[in-house]
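Please treat every number below as a calculation from the coordinates, not as lab data. Just so you know, these numbers come straight off a predicted model, no measurement behind them. Here the Cβ is made from the backbone with ideal geometry for all residues, glycine too, and neighbour counts use every protein chain on show.
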Amino acid sequence: MLVLIGLIVHGLCAVVLLGALSHQAFSLLPKRKVAVADQFFTRYRSVSAHSFSTPIVITYTMTFLLGASIYPLYRLDVRPAFEEMALASAIGAFELKEHWAAIGLGLLPAYWLSWKNNVIPVKHSLTWLLLMVVWFDFLSGHVLNNIRGL
Amino acid sequence: MVSRFSYWFAVLFSVLYPALLAVDWHWGLYYPLESQWRWSLDDTMHGPAMQWYGLIAAAGIAAVVMASSLAVFKRSEGVALKAVSLIPWLGACWTVWLLAPFFGL
């Protein structure tokens, strides 16, 4: 039961993280000379992006720690099933998820400081990289859980 | 100094992590079936050994030590800022390349 709660909270934190990081990344895209105020995309990117970086760091860390705490159960219950089914690509996808998540964790201090100090090339680069990591981790986690869940 | 340290840490961690993954070096293993930690493979333990936690610890500690040494030099900030925009992307790509055999590549 505790594992199920952990997995659900892990997923919910990931959703919050996805939303925040996507809004922030899209706010970095070049603005149109004449923006149409009521368009969905204009509204989607019109966020106070610099205020998102602290919540993003907190939710990334929470999502990471929750994932790290339920990982042993994946190793014992889910991965052997993937091995029996000869699903090397599923094992590989989870491996990539965990390794990219770890690299993303190491980037958080630099990411946060680049937004605080408005270091434009660094904040662009790290925000888009973290976005790629978070989207991949979210989608691969869901697909893998559909194949064989905890 | 904190900024320089953070940028250097990001650069070094994003390279050290896949490098240690490539050579299969880590700082400890966790055996989830027995809830025990070991420094290296132990034939007396049952179940699989997890290296991920040890890998993060090894890369993190090495990156902290190296970044602390580099952050002392003020002149290194320019190099750190250029590197941190590019190197983490290369680290992510290197990780994909290391895992390519899982996808039949």
note = By the Cα gyration tensor axes a ≥ b ≥ c (a/c under 1.5 gives rounded; else a/b larger than b/c gives prolate, otherwise oblate), the shape of region B:1-98 is prolate
key: Under 5 Å, built H, 5+ apart or other chain: amide partners of B:Gln36   = B:Tyr31
request  = Note the full-extension length gain between B:Asp42 and B:Val2 as 0.36 nm times their separation in residues minus their Cα-Cα distance, in nm to one decimal.
outcome  = 10.4 nm
ask   = So, in nm, how far is label A:Thr54 from label A:Asn117 when the simple model puts each one 7 Å beyond its Cα toward the Cβ?
value = 1.9 nm
ask   = Karplus couplings for region B:3-20 from phi (6.51 cos²θ - 1.76 cosθ + 1.60, θ = phi - 60°), rounded to Hz, Gly and Pro as x?
value = 4, 4, 4, 5, 5, 5, 4, 4, 4, 5, 5, 6, 9, 5, 4, x, 5, 5
task = Shielding by partners for B:5-15, please: the mean number of other protein chain Cβ atoms within 10 Å of each residue's Cβ.
result = 5
inquiry  = Test of the criteria: in region B:31-89, which trypsin sites (Lys or Arg not before Pro) are in a DSSP loop and have at most 11 other Cβ atoms within 10 angstrom of their Cβ?
reply    = B:Lys74, B:Arg75
message = Among B:Gly78, B:Ala67, B:Leu41, which residue has its Cα furthest toward the positive end of the charge dipole of chain B, with +1 on Lys/Arg Cβ and -1 on Asp/Glu Cβ?
response = B:Gly78
ask   = Can you work out ³J(HN,Hα) from phi for every residue in region B:60-68, in order, using Karplus 6.51 cos²θ - 1.76 cosθ + 1.60 and θ = phi - 60°, giving whole Hz and x for Gly and Pro?
value = x, 5, 4, 5, 4, 4, 5, 5, 4
key: HN-Hα J in Hz across region A:118-131 - Karplus 6.51, -1.76, 1.60, θ = phi - 60°, x for Gly and Pro   = 6, 8, 4, x, 5, 5, 4, 4, 6, 5, 5, 5, 4, 4
inquiry  = How would the protein assembly as shown be classified by its alpha-carbon gyration tensor: rounded, prolate or oblate, with rounded meaning a/c under 1.5 and the a/b versus b/c comparison settling the rest?
reply    = oblate
remark   = By the Cα gyration tensor axes a ≥ b ≥ c (a/c under 1.5 gives rounded; else a/b larger than b/c gives prolate, otherwise oblate), the shape of region A:24-150 is prolate
key: Residue list for region A:17-32, given a label point 7 angstrom along the Cα-to-Cβ vector of A:Thr42 and an amide N cut-off under 11 Å   = A:32
request  = Name the residue farthest towards the positive end of the dipole of region A:25-150 from the options A:His142, A:Ala25, A:Met132, assuming +1 on Cβ of Lys and Arg, -1 on Cβ of Asp and Glu, about the Cα centre.
outcome  = A:Ala25
ask   = Per residue of B:69-78, how many C-beta atoms from partner chains lie within 10 Å of its own C-beta, taken as a mean?
value = 0
